[in-house]
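Reviewing the structure listed below.
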Amino acid sequence: MNIKKNQLIRVLIIMIIGMLIFTSCSSTQEPSPSDPSLLTKEEDSTDVIKETEVQQSEDYGAKGAALKTEYTLEEMMRYAIEDEYLAYAEYELIINEMNITKPFSNIIKAEATHIGYMEDLYETYELELPNIDPSQHIILPESINYAYLAGVEAEIINIAMYERFLEQDLPEDVRNVFEQLKEGSESHLQAFKKNVR
């Protein structure tokens, strides 16, 4: 009973975060950071994230997974590979547009490896890879500090997704991959946190 209650609380928290992010991206005002105390003196909460001209779908990646409590194996795999592609695309955009290297340059290599693990699972289970276009879901942060904050937020949501997936009845090979991806995201989270000013 307590486990289900804890799961429900976690899902509700993730849903609220997802809705706040989705709402902020669809409004004309700039969203405010998750933790205003992390801002530098030069930065203002009104210019946290510069939205690219795209529409975001709720049912995509870790944010989409947060809207559910039960999943098929194929759904878990789709959400996982979408989120790994999303992280890769967003970190690539930040590197190219903001001329940032570490930790993004190291983390993007890990994201490519994560994508490879997921593609291998698709091949093992003879599933067709979904048509993934992360460009419809990425945003460009307004400053370097907000790029780190965006990384922190993305990794927290990603970790929560894998925690929910690991509570499901999974084949051993899928469980192993999800555990590796969760551990990778925990490492990325620490790297981003160290750089937030």
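Here are the numbers:
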quantity: Per-region count, region 175-192, residues in contact with a helix residue (DSSP H, G or I) (Cβ under 6 Å, 6 or more places away or on another chain) and either among the basic types (Lys, Arg) or touching a residue at least 40 places away in the same chain (Cβ under 8 Å) (or both); calculated: 7
quantity: Residue 105 being assigned to a helix (DSSP H, G or I), closer than 18 Å to residue 62 by Cα and out of contact with any Gly (no Cβ under 7 Å at 6 or more places or on another chain); calculated: no
quantity: Odd one out for residue 152 among (1) within 20 Å of residue 62 (Cα to Cα); (2) not in a helix (DSSP H, G or I); calculated: (2)
quantity: Filter result for the condition that a residue is modelled with pLDDT of 95 or more, under 24 Å from residue 115 (Cα atoms) and crowded, with 21+ Cβ neighbours inside 10 Å, over 66, 62, 80; calculated: 80
quantity: Residues of region 155-174 that turn out to be in contact (Cβ under 8 Å) with a residue 24 or more places away in the chain and in a helix (DSSP H, G or I), as a count; calculated: 13
quantity: Set 180, 168: member being in contact with a Leu (Cβ under 9 Å, 6 or more places away or on another chain) and either more than 23 Å from residue 89 (Cα to Cα) or modelled with pLDDT of 95 or more (or both); calculated: 168
quantity: Criterion violated by residue 147 - all others in (1) without any contact (Cβ under 8 Å) to a residue 60 or more places away in the chain; (2) aliphatic (A, V, I, L, M); (3) more than 17 Å from residue 72 (Cα to Cα); (4) out of contact with any strand residue (DSSP E or B) (no Cβ under 6 Å at 6 or more places or on another chain) satisfied; calculated: (4)
quantity: Test: residue in region 129-141 that is surrounded by fewer than 19 Cβ atoms within 10 Å (Cβ to Cβ) and at pLDDT 90 or above; calculated: yes
quantity: Odd one out for residue 146 among (1) modelled with pLDDT under 95; (2) hydroxyl-bearing (Ser, Thr, Tyr); (3) under 27 Å from residue 69 (Cα atoms); calculated: (3)
quantity: Leading residue by the ranking (nearest to residue 144 (Cα to Cα)) among those in region 64-74 that are touching a residue at least 40 places away in the same chain (Cβ under 8 Å) and part of a helix (DSSP H, G or I); calculated: 65
quantity: Residue 138 under 12 Å from the mean Cα position of the chain (by Cα) and either charged (D, E, K, R) or under 23 Å from residue 96 (Cβ atoms) (or both); calculated: yes
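Here's the yes/no breakdown for (1) part of a helix (DSSP H, G or I); (2) within 17 Å of residue 178 (Cα to Cα); (3) in contact with a helix residue (DSSP H, G or I) (Cβ under 7 Å, 6 or more places away or on another chain):
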position	(1), (2), (3)
76	yes, yes, yes
82	yes, yes, yes
86	yes, yes, yes
91	yes, no, yes
97	yes, no, no
100	no, no, yes
118	yes, yes, yes
122	yes, yes, yes
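The values are calculated or read from the model by the stated rules, or taken from the named source; none is laboratory data. Source: prediction; values computed, not measured. Note that each Cβ is placed from the backbone with ideal geometry, even for glycine, and that neighbours are counted across all protein chains shown.
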